[in-house]
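Only one structure is covered here, and it is reproduced in the block below.
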Amino acid sequence: MQQDERTADIVVVGGGMVGLSSAIALKDRGRDVVLCDPGEARARTSYGNAGVVSRGSIFPMSSPALWAKLPAYLRNADAGLRLRHLHLLRVMPWAAHFLASARTSAWRRAADALAPLTNAAYPEHKRLSERAGVPHLLRECGWVKLYRTEEAFAGASLEREILADHGVPFEILDGAAIQALEPALIRPFARAMLLPETGAVADPGGLVEACEALFAGLGGRTLCTTVSRLEPTEEGWRIVHPGGVVRARQVVLATGAAAHELARPLGYRFAFAAERGYHRHYALQPGSPALTRPIYDTGAASILSPMGEGRVRVLSGVEVADRHAAPDYRQIEAAAREAAGTVRLGQPLDNRPWLGSRPSTPDGLPVIGPAPRHDGLIFAFGHGHIGLSTGPITGRLVADLATGEAPAVPVAPFAPGRLLGWPRL
C-alpha cells in the first residue's frame, strides 16, 4: 500500500481548542499548516469543558487547603477528588511535586504567572468566536462560587485576597441576594462569590467545530489521524502517522493529556498525570427557572453549567487514574444527586456520562514554549482545567514563538525546562 507523503511549514498535533487556535493563528501568519487529529469530537477534553472563560481562573488544584482534606482524599471520602489507588504508582513523581506545590507561596506564584494569560482569555475568545461566525456561543455573564456554610466561605479567604491583589473584581452575596441572582437555586447557601468578568461558552463542542471550519476556510489542511511518532531530521521534522508521513520545518505538540506519549521517545519525561472528569446533561423540570450562568457548588465540588436549549451540564470533581482506565461513574452519579438538591433537575439527556482527561502538571501551570533539546518543536499542553478558556491566547503565543515574535504575554513561567529536572515517571 502506497504511503501518503505531504509537506508543510508546520504541523500542529492535536485538534482541541489549544491545537486549533494554534493552527488558526499560524495560518494568520502566512504559514502552510497541517493539523493532525483523529477527529473524535467527544474524545477531546475541550468538548467536555464547563465553558467558563474567567479572569479568576488563576488557581491550581494543588492549594494550601489540600492538607486539611488529604485524609478524606486518600479515603475517597471527598467529592472533589477520587483516586484509583492501583494507578497511583504510575503518577508518584507527579503526586510528590503536586503535594509540594500545596503551599501559599507556590499558589501565589502560580496566580502571578496565570493572571496575564487569563486576563487575555476572554478578549481572544470573543475575537475567535466572531471570526468563526458563532459569537452567540459566548456571552459575558459571570459565574458564581457557592458556599454552603460560613465556615466554608471563611476558608476561601486567601483566594479572595489573591484575586484582589490581581485586580479581579468579585462581589460577595448572601441570603436573598443569592436567590435573586439565580432564581433556579433551591438549596440555601450561606454565601456566594460572583466573578462578573467571566464568559460562558454555551456549546464548547459547537465552538470547536466552528473553529475547524474557520481553519479550513483559511486554507488549512487537516489529517484525521493519530500521530505515531515525531522524528527530527536535518531539514526539520517527520511526523509519522499510520497512513504516511508529513515533513515540516516545525511541529507543535498540543495533544493535552496524551502529550507524553509523543514527548517521551524524544527524551522528555515530564512529571505528568491525567485528571479525569465526567459530565452529563440534564433537563430542568418543567416550570423551573432557567440557570443563567455557570455555578460552582463548593460543597459538592461540582459545576452546573447551562448549555443552551434547556440543558444543564453537571460536571464532577477530579479523578486521578490512568488515562485509558475504564470509567467509574460513581463520582458523576454523586455529583448529579447533589445537583438535584441545588436546582430542579429533570431527566438525563445522555445515554451515558461523558469522560475526558485533562493534562495536569504538578505546579498547575501549562507547558508552553520551545523544546529545550530540539529545534523547531514547540510544546503547548498541560493546561488542566483552563484549556478551553486559554486555548485562543495560547494559540497566539504559539504563533509568536514559531515566527520569532515577542510573546503577547510572558511565557517564561510556562517553560518546559522547569519540569524536566524533576524525578522521572
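The values are calculated or read from the model by the stated rules, or taken from the named source; none is laboratory data. What you see is a predicted model, and the numbers here were worked out from it, not measured in a lab. Backbone-built Cβ (ideal geometry, glycine too); neighbour counts: all protein chains shown. The protein model used for the area step is the full one, side chains on, heavy atoms only, and it has no ligands, DNA or RNA in it. Shrake-Rupley method; radii C 1.70, N 1.55, O 1.52, S 1.80 Å.
Run through segment 328-425 and list the GluC sites (Glu not before Pro) located in a DSSP loop whose Cβ has at most 14 other Cβ atoms within 10 Å. Intermediate results must be reported in sequence, preceding the final value.
On the way: sites: E333, E338, E405; in loops: E405.
Taking segment 328-425 and a limit of 14 other Cβ atoms within 10 Å, the loop GluC sites (Glu not before Pro) found are E405.
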* Leaving out ligands and nucleic acids, note down the accessible area per residue over segment 329-425 with a 1.4 angstrom probe, in whole Å². => 39 Å²
* Once you put a point 7 Å from the Cα of E309 and another 7 Å from the Cα of D174, both along the Cβ direction, what distance in nm separates them? -> 4.2 nm
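Just in segment 165-248: which GluC sites (Glu not before Pro) are loop by DSSP and have at most 15 other Cβ atoms within 10 Å?
Details: sites: E171, E197, E209, E212, E234, E235; in loops: E197, E234, E235.
Those that pass, being in a loop and sparsely packed, are E234, E235.
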* Between R75 and L218, what is the label-to-label distance in nm when each label sits 7 Å out along the Cα-to-Cβ direction? -> 5.2 nm
* Asked: If the viscosity is 1.567 mPa s and the temperature 4 °C, what translational diffusion coefficient in µm²/s does Stokes-Einstein give for the chain when Rh comes from Kirkwood over Cα pairs?
  -> 59 µm²/s
* **Paramagnetic label zone (point 7 Å from Cα along Cα-to-C-beta, C141; backbone N under 14 Å) in segment 345-361** => none
* To do: Give, in nm to one decimal, the length gained when the segment between R264 and L88 is fully stretched (0.36 nm per residue of separation minus the Cα-Cα distance).
  => 61.4 nm
* Asked: Under a plain spin-label model, where a point goes 7 Å from the Cα along Cα-to-Cβ, how far apart in nm are A340 and R109?
  -> 4.6 nm
* Exposure rank, largest accessible area first [Y278, Y329; 1.4 Å] -> Y329, Y278
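Can you give the charge dipole size of segment 1-72 about its Cα centre, rounded to the nearest 20 debye, using +1 on the beta carbon of Lys and Arg and -1 on the beta carbon of Asp and Glu?
Working: 8 positive and 7 negative charges, 93 e Å.
That gives segment 1-72 a dipole magnitude of about 440 debye.
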* Which residues in segment 356-384 place their backbone N less than 20 Å from a point set 7 Å from the Cα of A415 along the Cα-to-Cβ direction? -> 361-383
* Asked: Roughly how big is the chain's charge dipole about its Cα centre, with Cβ charges of +1 (Lys, Arg) and -1 (Asp, Glu), in debye to the nearest 20?
  -> 700 debye
* Considering only V168, V201, A154, whose Cα is most displaced toward the positive end of the charge dipole of segment 142-220, charges sitting on Cβ of Lys, Arg (+1) and Asp, Glu (-1)? -> A154
* **Sites D328 and T149, calculated FRET efficiency, Cβ-Cβ separation with R0 35 Å, nearest 0.05** => 0.75
